1. Just checking, which of Leu161, Leu122 is assigned by TED's automatic domain parsing to the domain that holds Thr15 and modelled with pLDDT of 75 or more?
2. Please verify whether region 56-65 includes one or more residues that are at pLDDT 90 or above, surrounded by 12 or more Cβ atoms within 10 Å (Cβ to Cβ) and under 28 Å from His132 (Cα atoms).
3. Kindly indicate the residue of region 217-261 that is free of Cβ contacts under 8 Å to residues at least 40 places away in the same chain and more than 17 Å from Leu204 (Cβ to Cβ) and also surrounded by the most Cβ atoms within 10 Å (Cβ to Cβ) among those meeting that condition.
Amino acid sequence: MTRRGYAICQITGWTAWSLTILMYVRLSGTGITARGVLWAAIEGVLGFAISHAYRAVVRTRRWAALPLRRLAPRVFVASVLQAVALDATMCAVLWLTLGPDDPPLRLDIAVIYLVNFAIVYLAWSFLYFGLHWLERSRRAEQAELRYLKSQLNPHFLFNALNSIRGLVAEDPPKAQEAITRLAKLLRVALGSVTADTVPLARELEVVDDYLAVEAVRFDDRLAVRLDIAPDALAVPVPAMLVQTLVENGIKHGIARRTDGGEIAVTARRQGNALRLEVSNTAASEAGEPGVGVGLANAHERLQLLFGDRATLSLDRSNPERTTAVVRIPLG
């Protein structure tokens, strides 16, 4: 949680607590007095100060990194100690401000307040550590997404550089173009695009750069067919997703054929989802087509971003083609 977010939560929470006390007093029929307002305000300020000091201890001793079995008893003891501190301070304030006609302090009332304060501080800890855990989980997911997005196949890089090297003397302009395309692709893969999702149109630009680099290696053995509905171009898709599927199709299909083959990408809105298909000419040798790390990463990223609302499957019903089918929810 940011410093500003913490401050807003603290001020809002303890102000609400003071107002709740006043509301209780009013509903009990006692009536709200200036003295009652002052006590409620003092209780809110003290509650704020004690919990803020507690947070400093939590941060210094790194309690948020502890497992639950070690954190729970610490939180319980800390909540009781905070409740004792607040209860004792409020009793002292009450004793110092007692008038000659006021009833004396009662131990049973002090104990009731002590229990109430302990419950409040337990709730405070539950919210604080719960929000911290959610933030940590979100950051872990973002880190995993960045890692998965940045995983370009090292074999592709090796083959691309090898092919470009052969072009340098033979066709310098073409080699220059290939290097430019490869640089753009690496810039995206290594983090210049920080968003988890990008419009499909932008993702297709990345695919175009990737295929331009692969065309240096495959030459006329690689055919490409795109069939993209205009209303699908603005749909957000995971960054590098289509490129990963295209790369997987080339690696496990076209690269295994002496005569090459075709990569086809289609995209259509289908109900409340985008249906995206990347198909490739199947490998000529017998055996199951490989899926590799690329598809596993693509599936993992879809799950992290959309949960069970997104799906990725392989269709091998046509023995001559392998098709990766992705469904991404709209909105």
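1. Of Leu161, Leu122, the one residue that is assigned by TED's automatic domain parsing to the domain that holds Thr15 and modelled with pLDDT of 75 or more is Leu122.
2. Among the residues of region 56-65, at least one is at pLDDT 90 or above, surrounded by 12 or more Cβ atoms within 10 Å (Cβ to Cβ) and under 28 Å from His132 (Cα atoms), which makes the answer yes.
3. Once the filter is applied, the top-ranked residue is Ile254.
Per-residue answers, yes or no, for (1) farther than 30 Å from His132 by Cα; (2) aliphatic (A, V, I, L, M):
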{"site": "Trp39", "(1), (2)": "yes, no"}
{"site": "Gly47", "(1), (2)": "no, no"}
{"site": "Leu68", "(1), (2)": "no, yes"}
{"site": "Val93", "(1), (2)": "yes, yes"}
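Here's the yes/no breakdown for (1) over 16 Å from Asn116 (Cβ atoms); (2) in the same structural domain as Phe117 (by TED's automatic domain parsing); (3) in contact (Cβ under 8 Å) with a residue 60 or more places away in the chain:
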site	(1), (2), (3)
Leu19	no, yes, no
Val37	yes, yes, no
Tyr54	yes, yes, yes
Asp87	no, yes, no
Cys91	no, yes, no
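The values are calculated or read from the model by the stated rules, or taken from the named source; none is laboratory data. Model, not experiment: these values are computed from the prediction. Note that each Cβ is placed from the backbone with ideal geometry, even for glycine, and that neighbours are counted across all protein chains shown.
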